[in-house]
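Trainee: Right, I'll just put the structure down here and ask away after.
Just so it is clear, none of the values below were taken in a lab; they were calculated from the coordinates. Every value quoted in this text rests on a predicted model; they were computed, and no experiment measured them. Cβ placement follows ideal geometry from the backbone for every residue including glycine, while neighbour counts extend to all protein chains displayed.
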Amino acid sequence: MTGTNAENLVHAFFTAVAAGDLPDSLLTPDMTGWITTQGAMDKASYQGLIRLLARMTNGPLHFVVDSITAQEDRIVAEARSTGRLIDGTDYAQTYVYVFRVREGRIASVAEHYNALIAQEKLLPLMKALRET
C-alpha cells in the first residue's frame, strides 16, 4: 500500500483512536496489536485498550502525524499526541507506529512510545479504572 491509500488508512486510524473506538471496519478479523508497555495482544484486547484510553482522557487526544512512510504491506507513522487526563494533568506522548496492511485494512499494529511517560501518567489511571 502506498501513497494516498496509506495516508487515508493512517489518518482514519488516528481519528478512530482519538474518538475512543477502533472499529472492525479498519481491521482484519485476525488483527494483532503490540504496545511498548504490554506486548502482544489480540484484536479485541487492543480495541479494549483504545476504549480504556478514551476513559482516561478528559476529551479526545489530539494527534499530529509527522510522517508516513509506506512500502509494500507496511506503513510506518511518526506521531505525537497531546491531551488532558481525567486527573487534570496534561498528557503528551511521541510514537512510532508500524502497521501491516492486508486488503486495505490493518492486520497488525506495533505501537512504540515513551514507556516512562505511560508508566507515570497512564498506568495508575488504568489500574483505577479497571478496578471500578
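Trainee: Would you kindly state how much longer the chain becomes between Glu7 and Lys127 on full extension, computed as 0.36 nm times their sequence separation minus their alpha carbon distance, in nm to one decimal?
Mentor: Using 0.36 nm per residue and subtracting the Cα-Cα distance, I get 39.8 nm.
Trainee: By how many nm would the segment from His112 to Ser67 lengthen if fully extended, with 0.36 nm per residue of separation less the alpha-carbon distance? It would help to have the intermediate numbers written out before the result.
Mentor: Values: separation 45, 0.36 × 45 = 16.20 nm, distance 1.47 nm.
Fully extending the segment from His112 to Ser67 adds 14.7 nm.
Trainee: Kyte-Doolittle cut-off -0.5, length cut-off 18 Å along the helix's own axis using Cα: show which whole DSSP H helices in the chain pass.
Mentor: Taking the DSSP H segments of the chain (at least 18 Å long, mean hydropathy at least -0.5), we get 3-19, 43-56.
Trainee: How are the Cα pair distances of the chain distributed, in percent, across 5 Å bins from 0?
Mentor: Going from the shortest bin to the longest, the percentages are 2, 11, 21, 26, 21, 12, 6, 2, 0.
Trainee: List the relative contact order of the stretch 3-131 as a percent without decimals, with contacts defined as Cα pairs under 8 Å and 6+ residues apart. If you can, show how the numbers build up before the last one.
Mentor: Details: 221 pairs, mean separation 31.6, N = 129.
Computed over the stretch 3-131, the figure is 24 percent.
Trainee: Enumerate the whole-percent occupancy of each 10 Å bin, from 0 to the last occupied one, for all C-alpha pair distances of the stretch 16-75.
Mentor: Distribution as computed: 19, 45, 34, 2 percent.
Trainee: Tally Lys/Arg at +1 and Asp/Glu at -1 over every other residue whose Cβ is under 11 Å from the Cβ of Leu22; what's the total? Mind showing how you got there, number by number?
Mentor: Numbers: positive: Lys43, Arg51; negative: Asp21, Asp24.
After counting each charged neighbour, the total is 0.
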